[in-house]
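Trainee: One structure, pasted below without further comment.
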């Protein structure tokens, strides 16, 4: 018996594009519950680059919107100046006769017109910004989703589905709020403040300096607020992802949860997480209550007292009254936008952290596509494995010095104890991971040189846990592949021995199967998964313990389907139930990542005390 290598108890995730992922042997003992959330969060301000990228096609719209907002601010800044002129030139002197009345009417009309025009422009630009936000977030969400689909399986080993869904949906929507509401309000308010300060400087630059002191004071308040609230905001969003993950986990395992009487424990865990989320939100809201609007209101009162006191020290002639009116109007135009900025800063904080989380997901390394390689299409399905070695952790090999050859059209079975490396080998054959030593070739060309589209179209997978969408049988077999005709779909269903059943359903192939295939049995789900794999006319078909959860009758049907494929399709089957691969041309026996036996069923049973013989005997006893 060869020396045992270290057993690496690891289990990869169960989904990958159209082929889904391979099952596996066991779970990585050193994963320690790590998730995508465990990575160190980057600074929220680092997300600015992401926002600029998402809005890149909208830059002309943004520049036009900025120009119109400047125009609106200029029109609004004219209001107090026109009001000052009305007071100084007509109201205080009492000039209400003849031409003076006409001039007063024109002045008041101009005052109303500038105010109406500024309001209309702001409304139009808010609508423009809403359109920019919708389109930008649409592109961002599609980019994130497509990026997740392209990520290597190693990422999903540590990722939690609920947290990924939260990033694609909740965090992307927070970015939408950032574009549509926060940035618009802050940009518009900043322009209004700047325009008002310029107008005040034109009237009296010394009084303008007094009012301008409000801006650095506000920045100091915001800096203190950010320092106090940022940890609470980040923690609240992380806990919200945990809440989503726990709910998704509970819904997916509801049958087991209820049968095991675990509902109270899961409920207590959820309540604890929800309570922590509430505490984080309370800390954030406490910072809001103390440091945003109340602090700015106090500064506003102090500013008004200072300005009025300053006027009290001067000779209040008629001209000074008009100036006082203009300055009080401008103070209101400075204070209210600053208030809006501070009120939006809480949402800005949340949105920027959400954008940073989305950005960190996009920075996960995706494998380099081999779509542009010079490799040929797979025609025969011959597989060679030469000196293959692989490990998930340094110094703990899962596969060592593996050499195998699968003839085109042959039926190969792979067996071994749990942890022997069967599913790891399958994951390597499916290109979910890259070999660290040695190489794998198909039809004489390196596995990684085959173009992606050619590889996926030539390979089929029947996983241990069949994945069925909440859709019709037709959609579950074709999986949206436009090149699969009705005849091909029917032929695949007949080859999988499921055509008669699907045809007898109330709406035939258009019958909805329910979420996860709840309206069909486990065996029928497995046969539908096989029909899906065969619909693309693969040259190589992988089965990952596809018969471990089905009854003997369905196993016999699967065996008949595999026999019919012999000579046309290279079939590689990982099997726990050894009866599935009893008729295989070649059976490969792995133990602790090493090849220990190889041959037909009869040849392996002739090895007295061999591992395969013991596996068969143990299974016969258990049955």
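Trainee: Conditions first: (1) in contact with a helix residue (DSSP H, G or I) (Cβ under 9 Å, 6 or more places away or on another chain); (2) over 30 Å from residue 237 (Cα atoms); (3) modelled with pLDDT of 65 or more. Residue 109 passes all but one, so which condition is the exception?
Mentor: So residue 109 meets the others, but not (1).
Trainee: Does residue 248 count as farther than 30 Å from residue 349 by Cβ, assigned by TED's automatic domain parsing to the domain that holds residue 159 and surrounded by 13 or more Cβ atoms within 10 Å (Cβ to Cβ)? Break it down stepwise before answering.
Mentor: Details: farther than 30 Å from residue 349 by Cβ: no; assigned by TED's automatic domain parsing to the domain that holds residue 159: yes; surrounded by 13 or more Cβ atoms within 10 Å (Cβ to Cβ): yes.
When the stated conditions are applied, residue 248 does not pass them.
Trainee: Quick one: how many residues across region 599-623 are touching a residue at least 60 places away in the same chain (Cβ under 8 Å) and in contact with a strand residue (DSSP E or B) (Cβ under 6 Å, 6 or more places away or on another chain)? Before the answer, list the steps.
Mentor: Of the residues in region 599-623, the ones touching a residue at least 60 places away in the same chain (Cβ under 8 Å) are 611-612, 615.
Next cut, in contact with a strand residue (DSSP E or B) (Cβ under 6 Å, 6 or more places away or on another chain) only: 611-612.
Residues meeting the conditions: 2.
Trainee: Ok, one more. Please find, among 557, 550, the residue that is touching a residue at least 12 places away in the same chain (Cβ under 8 Å) and out of contact with any helix residue (DSSP H, G or I) (no Cβ under 6 Å at 6 or more places or on another chain).
Mentor: On the way: 550 fails: out of contact with any helix residue (DSSP H, G or I) (no Cβ under 6 Å at 6 or more places or on another chain).
Answer to the selection: 557.
Trainee: Here are the criteria: (1) on the phi > 0 side of the Ramachandran plot; (2) surrounded by 23 or more Cβ atoms within 10 Å (Cβ to Cβ). Tell me which single one residue 395 does not satisfy.
Mentor: In the conditions (1) on the phi > 0 side of the Ramachandran plot; (2) surrounded by 23 or more Cβ atoms within 10 Å (Cβ to Cβ), residue 395 misses (2) alone.
Trainee: Hey, among 159, 130, which residue is surrounded by 19 or more Cβ atoms within 10 Å (Cβ to Cβ) and either farther than 26 Å from residue 53 by Cα or out of contact with any strand residue (DSSP E or B) (no Cβ under 6 Å at 6 or more places or on another chain) (or both)? Break it down into steps so the answer makes sense when it comes.
Mentor: Working: 130 fails: surrounded by 19 or more Cβ atoms within 10 Å (Cβ to Cβ).
Residue meeting the stated conditions: 159.
Trainee: In this structure, is residue 475 touching a strand residue (DSSP E or B) at 6+ places or on another chain (Cβ under 7 Å) and either surrounded by fewer than 20 Cβ atoms within 10 Å (Cβ to Cβ) or closer than 19 Å to residue 411 by Cβ (or both)?
Mentor: Values: touching a strand residue (DSSP E or B) at 6+ places or on another chain (Cβ under 7 Å): no; either surrounded by fewer than 20 Cβ atoms within 10 Å (Cβ to Cβ) or closer than 19 Å to residue 411 by Cβ (or both): yes.
No, not satisfied.
Trainee: Here's another thing I want to ask about it. Would you check which residues across region 384-431 are in contact with a helix residue (DSSP H, G or I) (Cβ under 7 Å, 6 or more places away or on another chain) and farther than 24 Å from residue 610 by Cα and list them?
Mentor: The answer is 390, 427, 431.
Trainee: Go over the candidates 135, 141 one by one and state the one that is under 30 Å from residue 456 (Cβ atoms), touching a residue at least 24 places away in the same chain (Cβ under 8 Å), in a helix (DSSP H, G or I) and assigned by TED's automatic domain parsing to the domain that holds residue 69.
Mentor: Sole residue among the options that is under 30 Å from residue 456 (Cβ atoms), touching a residue at least 24 places away in the same chain (Cβ under 8 Å), in a helix (DSSP H, G or I) and assigned by TED's automatic domain parsing to the domain that holds residue 69: 141.
Trainee: Sticking with this one: For the condition more than 27 Å from the chain's Cα centre (by Cα), closer than 22 Å to residue 496 by Cβ and in the same structural domain as residue 574 (by TED's automatic domain parsing), what is the one hit in 419, 438, 413?
Mentor: Unique residue meeting the criteria: 413.
Trainee: Filtering region 545-557 down to residues that are in a loop (DSSP other than H, G, I, E, B) and over 30 Å from residue 442 (Cα atoms), which residue is nearest to the chain's Cα centre (by Cα)? Before you say what the answer is, go through the steps one by one.
Mentor: Our first condition is that a residue be in a loop (DSSP other than H, G, I, E, B); within region 545-557, this holds for 545-551.
Narrowing the set further to residues that are over 30 Å from residue 442 (Cα atoms) leaves 549-551.
Details: 549: 32, 550: 34, 551: 38 Å.
Top of the filtered list is 549.
Trainee: Restricting the search to region 171-192, which residues are at pLDDT 75 or above and within 15 Å of the chain's Cα centre (by Cα)?
Mentor: Across region 171-192, the qualifying residue is only 171.
Trainee: For region 518-544, which positions are part of a loop (DSSP other than H, G, I, E, B) and either more than 30 Å from the chain's Cα centre (by Cα) or surrounded by fewer than 20 Cβ atoms within 10 Å (Cβ to Cβ) (or both)? Quick ask: steps written out before the conclusion?
Mentor: Our first condition is that a residue be part of a loop (DSSP other than H, G, I, E, B); within region 518-544, this holds for 518-521, 536-539.
Result: 518, 519, 520, 521, 537, 538, 539.
Trainee: Okay, next question. Test of understanding: among 274, 288, which residue is over 22 Å from residue 330 (Cα atoms), at pLDDT below 75, in a helix (DSSP H, G or I) and assigned by TED's automatic domain parsing to the domain that holds residue 169? Reasoning before the result, please.
Mentor: Numbers: 274 fails: at pLDDT below 75.
Of the residues listed, the single one that is over 22 Å from residue 330 (Cα atoms), at pLDDT below 75, in a helix (DSSP H, G or I) and assigned by TED's automatic domain parsing to the domain that holds residue 169 is 288.
Trainee: In region 276-306, what residues are in contact with a helix residue (DSSP H, G or I) (Cβ under 8 Å, 6 or more places away or on another chain) and under 17 Å from residue 238 (Cα atoms)?
Mentor: Those that are in contact with a helix residue (DSSP H, G or I) (Cβ under 8 Å, 6 or more places away or on another chain) and under 17 Å from residue 238 (Cα atoms): 276, 277, 280, 281, 283, 284.
The values are calculated or read from the model by the stated rules, or taken from the named source; none is laboratory data. Predicted, not measured: the structure shown is a model, and the values here were computed from it. Cβ: placed from backbone, ideal geometry, glycine included. Neighbour counts: every protein chain shown.
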